[in-house]
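Have a look at the structure below before the remarks.
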Number of protein chains: 2
Amino acid sequence: MKEIESVKESDGYLNRYQHLSSCCDCEMTFSVYLPPQARDTKVPVLYWLSGLTCSDDNARTKGGFQRFAAKHGIAIVFPDTSPRGDNVADEPERYDLGQGAGFYVNSTQDPWRPHYQMFDYVTAELPALLEANLPLIPGLKSVSGHSMGGHGALICALKLPGEYRSVSAFAPITNPINCGWGKGCFGAYLGDHEAVWEAYDASCLVEGGARVGDILIDQGEADEFLHEGQLLPDNFQAACDAAGQSLRIRMQPGYDHSYHFIASFIEDHFDYHARFLK
Amino acid sequence: MKEIESVKESDGYLNRYQHLSSCCDCEMTFSVYLPPQARDTKVPVLYWLSGLTCSDDNARTKGGFQRFAAKHGIAIVFPDTSPRGDNVADEPERYDLGQGAGFYVNSTQDPWRPHYQMFDYVTAELPALLEANLPLIPGLKSVSGHSMGGHGALICALKLPGEYRSVSAFAPITNPINCGWGKGCFGAYLGDHEAVWEAYDASCLVEGGARVGDILIDQGEADEFLHEGQLLPDNFQAACDAAGQSLRIRMQPGYDHSYHFIASFIEDHFDYHARFLK
């Protein structure tokens, strides 16, 4: 991995790297915030998975995360949201499919399959790369994200029990097989096999017996995509209630889907993850 | 003024407005963050003046200000950095002159003079408009800014004694008559009259007897524009020392000129201004 940028923030360093991903078979860019504690010791890490249209840059610029990462001594990894490049399949006229919309699944379908292996990328290749190259405590990691990336966080934790100490999400898609964004991406990346779709759907995973210790979700009540039926938190709540899965969804009156919403509550999410990352 | 956008953040509202400015003789856009306290009472206000190339959007998105404005019950006004529009003079191939680079002065020279009246706009027209339309305590205001806007903050406070309760700046240009950015803009907007230039130069104003209660400046030591000689904090320090003007410049090792630097220290600036805005 090659460092291509380093900026000091809150006494730590926000670095950007490029590497050749074997999972995704292309050059990938990601950012890592290393808190000041990482100068002297290895630190735990929060993986942050961003939403549709985002790259590694949005959350690191607009989320206000770094001051809380510095407070708690937690590194943050900001992966990209899909493979990228001229040789990577895309639907340039669509924001919700192709580059910027990898949905954190392993594609089984051409033309997507050769590069769109984002589940393995964010859960296996990237953690192994970072634990080998940065001062991170091996295995001590949590995951969070926003919208498509909130769903990504949920399935990372649900599909890999014990891998993440804690999971939270902002305005996550929670039942992609029943919403427009999810159907569009799952149909393209996974074909028409219902069982494959369900294996990447947070609500179906809980129904099928997957469990994590606890889940924290913040959801704005004025979120336009909530009202459009893309997020479906009631479906996830019902699945968790039926399964006895602990879940706290905080409905936040007046908040929309933007980074202004994330910035408003990110402190609580760092406090939450910090308890599990000690 | 017409509200064109409203987003909830940190329990308050980040609003964007448009209005026809009489000073600048064009439609101007600005943003205001109203903290939750403004629902029940009038609040004090911090004017934030942004730097070259910025609009009202950069600091409100990238600065991490709103949580501290909410904590202290202070509104924030984010003006644009110049007049805008097809009928407004510009140098589209330059980032440091014309639209996005108003330098917070009142131009005396064509083609700039008809619209580039940013000093009067941010110190008189906009405060009067906002005090008449928003729950702001009349006259209870402070000013801060970044780079070109940090200089703007200094000259607002120095040229209008008593008008602002406190002033601070991040990486301000401090002696524009002696740096490339300043010479370019002052030459265009103000002609070649040395006395007019000096009347808009923070260091010259202090040398000429202007005083404010106290000044807080944060300056990154790894700031590329510091090393390029655009900011010249030593000149301002020397002018303040000679004049007995209280000034605290905090040199911050490793920090650059970006919003990551601002986000790292904005909490201290809100704490500072809050003491004067009680």
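Working from the pairwise distances between different alpha carbons, so that the mean of 1/r is found and then inverted, what is the protein assembly as shown's Kirkwood radius in Å?
In the protein assembly as shown this quantity evaluates to 24.9 Å.
Please grab the % of Cα pairs in chain B that end up more than 22 Å from each other.
Cα-Cα pairs of chain B separated by over 22 Å account for 52 percent.
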Listing of the range B:64-91 residues, each with accessible area lower by at least 50 Å² in the full protein assembly than in the chain alone (probe 1.4 Å): B:67
Heavy-atom accessible surface that A and B bury in contact, both chains counted, 1.4 Å, Å² to 100: 1800
Computed magnitude of the charge dipole of the protein assembly as shown (debye, nearest 20; Cβ of K, R +1, Cβ of D, E -1): 1740
Relative contact order %, chain B, counting alpha carbon pairs below 8 Å whose residues are six or more apart: 17
Convex hull volume per residue in cubic angstrom - Cα atoms of the range A:156-278: 105
Residues of the range B:3-25 buried by at least 20 Å² on assembly (accessible area, 1.4 Å probe, chain alone as reference): B:7, B:8, B:9, B:10
Chain A, accessible surface, carbon-and-sulfur percent (1.4 angstrom probe): 47
Average accessible area per residue (Å²) across the range B:212-267 - probe 1.4 Å, nucleic acids and ligands excluded: 38
Intensity falloff of the range A:25-176 expressed as log10 I(q)/I(0), Debye formula with alpha-carbon point scatterers, at q = 0.10, 0.21 Å⁻¹: -0.32, -1.39
Whichever lysines have a C-alpha closer than 16 Å to that of residue A:159, once near sequence neighbours (fewer than 8 apart) are set aside: A:141
Fluctuation leader among B:101, B:210, B:124 - chain B, Gaussian network, Cα springs under 10 angstrom: B:124
Value of [θ]222 nm, deg cm²/dmol, for the protein assembly as shown, DSSP H segments ≥ 4, -39500 (n - 2.57) each, nearest 500: -9000 deg cm²/dmol
Test item: B:254-264 mean partner chain Cβ contacts at 10 Å: 5
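Take B:82, B:6 and sort them by solvent-accessible surface of the protein heavy atoms, 1.4 Å probe, largest at the top. Don't skip to the end; give the middle numbers.
Values: B:82 0, B:6 55 Å².
Most to least solvent-accessible, the answer reads B:6, B:82.
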Solvent exposure of the range A:34-120 as accessible area per residue, Å², 1.4 Å probe: 35
Segment residue B:40-residue B:242, extension gain: residue separation times 0.36 nm, minus the distance between their alpha carbons: 68.1 nm
In the range B:76-171, chymotrypsin sites (Phe, Trp or Tyr not before Pro) in a DSSP loop with at most 13 other beta-carbon atoms within 10 Å: B:95
Cα gyration tensor shape of the range A:223-269, rounded if a/c is under 1.5, else prolate or oblate by comparing a/b with b/c: oblate
Volume in Å³ per residue [convex hull over Cα atoms, computed for the range A:1-56]: 115
Accessible area of residue B:160 in the full protein assembly, 1.4 Å probe (Å², nearest 10): 50
Distance in nm between pseudo-label sites at residue A:86 and residue B:214 (7 Å out along the Cβ direction from Cα): 5.8
Signed unit charges on C-beta, dipole axis of the range B:90-174, positive-most listed residue B:126, B:164, B:102: B:164
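The values are calculated or read from the model by the stated rules, or taken from the named source; none is laboratory data. Computed from a predicted structure; not experimentally measured. Please note: Cβ atoms are built from the backbone with ideal geometry, for glycine as well, and neighbour counts cover all protein chains shown. Quick note on the areas: whole protein, heavy atoms, side chains included, nothing else; ligands and nucleic acids left out. Shrake-Rupley method; radii C 1.70, N 1.55, O 1.52, S 1.80 Å.
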